[in-house]
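Have a look at the structure below before the remarks.
The values are calculated or read from the model by the stated rules, or taken from the named source; none is laboratory data. In this text, all values refer to a predicted model and were calculated from it rather than measured experimentally. We place every Cβ from the backbone using ideal geometry, glycine too, and count neighbours over all the protein chains shown. For the accessible areas, the whole protein counts, side chains as well, though only heavy atoms, and no ligand, DNA or RNA atoms are used. Shrake-Rupley method; radii C 1.70, N 1.55, O 1.52, S 1.80 Å.
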Amino acid sequence: QHDVMVFVGQILAITYFVGLFFKLLFSQRFLERLGVKTALYILPALALSLSALLVFLLRSSSSEQQLLLYFCSYYLSFEVIRRTVFDPVFLVIFQPLNSHQRLKGHTVAKGFYEPLGIGITGAALLLLYYVPSLAGWFDFLFIAFIALLAIISFAAAYRSYVYTLQSAIKKRFL
């Protein structure tokens with residue numbers, strides 16, 4: 001267990017370092033080119049594509065060390081994109097709101113929906129632990145379902161964001 005804990009600690013340190021490096025050097029330019037709408041869809045699309053790749057790799061490889069490397073690469077890619085692209089764009093969506101609504105929206109998103117997502121994922125992992133025959137395609141289907149749900153939610157959030165921006169601009173200039 002000591003070796004695994006050291007390895008996980010190293011992966012976390014590398015992830016945060018790469019995320020910080022990417023955020024400092026590329027995040028602003030990357031977001032300016034993509035725009036808010038496309039940047040919102042990057043994370044679910046990445047989760048879906050990496051999950052499909054992971055299912056393929058799980059079927060073709062049996063080495064535990066390779067699987068650990070695949071999972072760590074998945075985590076590193078996902079976390080770097082989440083921290084450097086998705087989180088800043090997600091916070092930008094709240095900017096046109098007044099300070100009370102912005103605080104409430106941020107509190108609901110970070111205080112309710114993030115823990116809910118972690119809880120649902122934990123329940124899915126627990127299900128996989130007790131029903132190991134579900135492993136493989138269940139993982140992919142679960143992530144695909146969550147990614148599709150995220151894309152639908154982000155589309156609705158983006159429409160609301162554009163409407164709020166238009167309302168704020170009209171109020172400011174009329």
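Observations on the model:
- For the stretch 25-91, the solvent-accessible area works out to 58 Å² per residue, with a probe of 1.4 Å and every protein chain left in place.
- Peptides 105-114, 143-152 ordered by average Cβ neighbours within 10 Å, highest first: 143-152, 105-114
- Scaled radius of gyration (Cα, divided by 2.2 N^0.38 Å) that the stretch 16-56 gives: 1.39
- When the solvent-accessible area of the chain is split by element, carbon and sulfur atoms take up 70 percent of it, the probe being 1.4 Å.
- Distance violations [Cα-Cα > 26 Å] among 23/110; 23/170; 37/170: 23/170
- Cβ-Cβ FRET estimate between residue 24 and residue 134, R0 fixed at 45 Å, reported to 0.05: 0.65
- Rg in Å to one decimal, and Dmax rounded to a whole Å, for the stretch 64-174 via C-alpha atoms: 18.3, 64
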